[in-house]
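Taking it in order: structure first as structure tokens, then the write-up.
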Amino acid sequence: MVRQKLFMPPRELLGRFTQPGDCGAIADWVQAIPSERLGVSLDMLCYGGLVASRAPSAELTTALARLNALRELRQRRPNAIVFAFSTIMRLGETVARTADLGEHALLRAYSQLLDRVERLGETEARGELEKTQRELDPERLAQYMAVRRRNHAVNRAAVELIAEGVLDHLILAQEDAAPVGIHLPEQLALSTLIEEHRVGDRVAITCGADEMTMLLLARHVTAETGLTPGIAVDLAAEGGGDVVPAFESQPLRDTILEHIHLSGARPATPADGDAILFIHTPIGAQPDIAEAPPPGQSPTLALQAETVVERVEAASSAGRLVGLADVAYCNGSDPELIGALERRHALDRMSAFAGWNTAANTLGTVISQLCVIAAAPRGRVDQAAVRRFLASRLLDDHGYQSVARREAIQHATAIGADPFCLGESSAELEAFVNRQLEPLAHRYLSSLIPDGTADAGSLRFSLPWGRLFEVEIGLGSTEIADGPKNLQ
């Protein structure tokens, strides 16, 4: 297997939060890239990014015309293998400041009530629907619905690209949603179109968004090697697989299987699997990490965490490739689980870990890691790179999302800054975050990279979008030149 180079667009082309990326320059870059395997975000190509896909700035005709770059690519390079994804719009809107939270919640409620009344025929919900509609700004609602119609039309056009042979594989990724909502009629319409074109083997609809580039990368790796890694799933609690996680529209076990297939892997038993995916499941409804009680005050979850870590240790001691997906909470990793891993000195027993944002985001991240490692020839895995990425996930998903972010929000509030729009307070909050994360960085790096090749003193933590919802971590060679770790 020849060592492959990963190309990513220059960062300045990708935009920043609500500022769209340069779609024309991105299209030119895609045409010029010296690679026969591509993973394309149609949101970036058509609108300028995921956040831009929720805004009305790109007209439908413009967005559709931008897809022609892929037709041109196919004509010029017929042997290229092009995997792509496009999102099905979330139920709310982008929250760019605290004042947006109310409208965001109303749009989510309206979208779900509309589906209950129109598709499910729940006439008793009509009064609540009408009340919610009166509370919404009419112009904002009209804009939201127009953007949904535009995005749905682009997703239909993406299915047509599969039928034309322009794309080799397409994921239609359902961003933040719910078990009912306006997104479900859109999904049904897309499923019908997929059936009409008989392209169901090359198009998938699943939950998630932010993890899609990683899944497509894993799919390229497995396709290149000709391997189909077997991933065995070990749920902390069988009932946990039946939970519909927050911001998602289907049970956890469905998303697990879909993401395994999307990565180019296959479900397996522990006996014949190349890797074991341990999943720390929710107990009941999945809460937000902001609702997590202090350590020691959730005995049931703590007991489950200890059991999961014991299983991880046993599998690792038996020489198995191990990944751990923490979906007990959304938007951060369970402190009880991390505490158990540290007490048992088991951080280095894993090759893959995630516990961030939605359950689908976490699952796709871990599955992709396992796939790429399992597909590599024996003895050719860069263990130092594996450890660095593992450290960055622990620092992000636990260190920042579960610990430092809560403290940073409190500090922002104390100095009168908006956590969703820091403005002139960005530098102060960034320095605060660095001070909070440095001790954790020393702990994790000493456990995972004890030879000192990743010096905690060289770490840099930044707030790339001038808000406190996400952090960017610079950790040696885990940074990729000309592109951020998360294109969205």
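The values are calculated or read from the model by the stated rules, or taken from the named source; none is laboratory data. Source: prediction; values computed, not measured. With ideal geometry, Cβ positions are generated from the backbone for all residues, glycine too; neighbour counts draw on all protein chains shown.
Counting only helices (runs of 4 or more DSSP H) that sit completely within the range 94-182, those holding 2 or more residues that are modelled with pLDDT of 95 or more and touching an Asp or Glu at 6+ places or on another chain (Cβ under 7 Å) correspond to 101-118, 138-164.
Residues being surrounded by fewer than 13 Cβ atoms within 10 Å (Cβ to Cβ), charged (D, E, K, R) and either farther than 30 Å from residue 166 by Cα or within 22 Å of the chain's Cα centre (by Cα) (or both) are entirely absent from the range 110-121. The listed residues are 414, 384, 427, and the only one of them that is in contact (Cβ under 8 Å) with a residue 12 or more places away in the chain, surrounded by fewer than 19 Cβ atoms within 10 Å (Cβ to Cβ) and not aromatic (Phe, Trp, Tyr) turns out to be 384. Residues in the range 27-47 that are assigned to a helix (DSSP H, G or I) and more than 21 Å from the chain's Cα centre (by Cα): 27, 28, 29, 30, 31, 32.
Within this structure, residue 147 passes the test of being within 24 Å of the chain's Cα centre (by Cα), closer than 15 Å to residue 104 by Cα and either without any contact (Cβ under 8 Å) to a residue 40 or more places away in the chain or in the same structural domain as residue 201 (by TED's automatic domain parsing) (or both). When the range 34-78 is filtered for residues that are surrounded by fewer than 23 Cβ atoms within 10 Å (Cβ to Cβ) and either acidic (Asp, Glu) or not assigned by TED's automatic domain parsing to the domain that holds residue 95 (or both), the ones remaining, listed by number, are 36, 59, 72.
Within the set 362, 358, the sole residue that is touching a Phe, Trp or Tyr at 6+ places or on another chain (Cβ under 8 Å) and under 18 Å from residue 301 (Cβ atoms) turns out to be 362. Just a yes or no: is a residue in the range 399-410 assigned to a helix (DSSP H, G or I), within 29 Å of residue 271 (Cα to Cα), free of Cβ contacts under 8 Å to residues at least 40 places away in the same chain and among the polar types (S, T, N, Q)? No.
Scanning the range 79-93 for residues that are in a loop (DSSP other than H, G, I, E, B) and either of a type outside the set (D, E, K, R) or surrounded by fewer than 23 Cβ atoms within 10 Å (Cβ to Cβ) (or both) turns up 79, 80, 89, 91, 92, 93.
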